[in-house]
1. Among the lysines in the stretch 14-157, how many pairs, 8 or more places apart or on different chains, have alpha carbons under 18 Å apart?
2. For the chain, state what percent of all Cα-Cα pairs lands in each successive 10 Å bin, counting from 0 Å until the bin that includes the largest distance.
3. Where the centroid of each part is defined by its Cα atoms, how far is the stretch 21-83 from the stretch 158-199 in Å?
4. Specify which residue in the list Ala45, His244, Gln229 is farthest towards the positive end of the charge dipole of the chain, using unit charges on the beta carbon of Lys, Arg (+1) and Asp, Glu (-1), about the Cα centre.
5. What lysines could a cross-link reach from Lys233, if we take a straight Cα to Cα line under 25 Å and drop same-chain neighbours fewer than 8 places away?
6. Using a 10 Å cut-off around each Cβ, can you sort Phe103, Phe157, Phe175, Phe241 from fewest to most neighbouring Cβ atoms?
7. At 7 Å along the Cα-to-beta-carbon direction for both Glu152 and Ala38, put a label point, then send me their distance in nm to one decimal.
8. Could you calculate the FRET efficiency of Trp180 with Ala116 from 1/(1 + (r/R0)^6), where r is the beta carbon distance between them and R0 is 22 Å, rounded to 0.05?
Amino acid sequence: MQGEARLSPWQLDHRRGNCDLCGVPHAPSLFIESQIQAWKKITDAVHGKGSYIFCQLVALGRVADTGTLRKEGGFEVSAPIPIPMEDGAAGFGALTEEEIYDFMRDFAIAAKNAIAAGFEGVEVYGSNGYQVDQFLQDVRNWRTDQWGGSVENRARFGIEVSKALVEAVWCGTGFRISPWNTWQGMKMADPVPQFPYSVRQLNIDTWGRKTPVLIVGGYKPENVLHAIQHEYKDHNIAVMFGRHIFG
Ligand SMILES: Cc1cc2nc3c(=O)[nH]c(=O)nc-3n(C[C@H](O)[C@H](O)[C@H](O)COP(=O)(O)O)c2cc1C
């Protein structure tokens, strides 16, 4: 059905009660009871070790895998604007206003389910070239409606998703940004003033003075102390490791 094919696969999953679709193979979802129960085993295990766990929520936008979407039911990639990942890739749509609001609702549903599954909080994956980041940065968003064309408009989607999450769960919510990331075709020529605007709107403008900020990128045991004791000494931060731990 043409109309259906324009909906995000994520949203389709939800409507059909079949939540294994999302444009990337083997991605875990949080839309139906069996998925909540499966996640509960993981959160229980984490809690059993005396630790805590947040759930990071992502929509893929233009980086969804076209082959997977085709297999999942002939769906199209949809994104803020139709810039495929590969030159000449077909079957691509710009998100309609209605689809944008549907995505926000889906974020909120997944967030509620994450809390039901035992997560302490949720985080918007607003970085690394995924859908929220695509809206945020002018390299992947030159819409002319209220979702693009200015600093305020490009920031709107991430901010509205965050508001939807806060309203849905009323507990810890985070937002990940990556102003300097070049992966997946990202990075604005000048990330200022775009990122400081978003950060102010998201009320993390105190940069770790009121709320903790997690810093990641290039840290190793040998340089982490310098970050904590000098670079960010007046800030409430935690330093994270990616590749150093992954191997
Ligand atoms: C295999 C792999 C998977 C990652 N998955 C995520 C992810 O799911 N969410 C996220 O915010 N960052 C993810 N990242 C990015 C890391 O959080 C981090 O920003 C990046 O690796 C740079 O930090 P590093 O220099 O310590 O590796 C991933 C990185 C790698 C290498």
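1. So the count works out to 4.
2. 7, 28, 36, 23, 5, 0
3. After rounding, the separation between the Cα centres reads 19 Å.
4. Gln229
5. Lys210, Lys220
6. With the sparsest Cβ surroundings first, the list reads Phe241, Phe175, Phe103, Phe157.
7. Using points 7 Å along Cα→Cβ, the separation is 4.3 nm.
8. It comes out at approximately 0.05.
Rule-based calculations on the coordinates, nothing more; no lab input. Predicted, not measured: the structure shown is a model, and the values here were computed from it. Don't worry about glycine lacking a Cβ; one is built from the backbone with ideal geometry, like all the others, and counts go over all protein chains shown.
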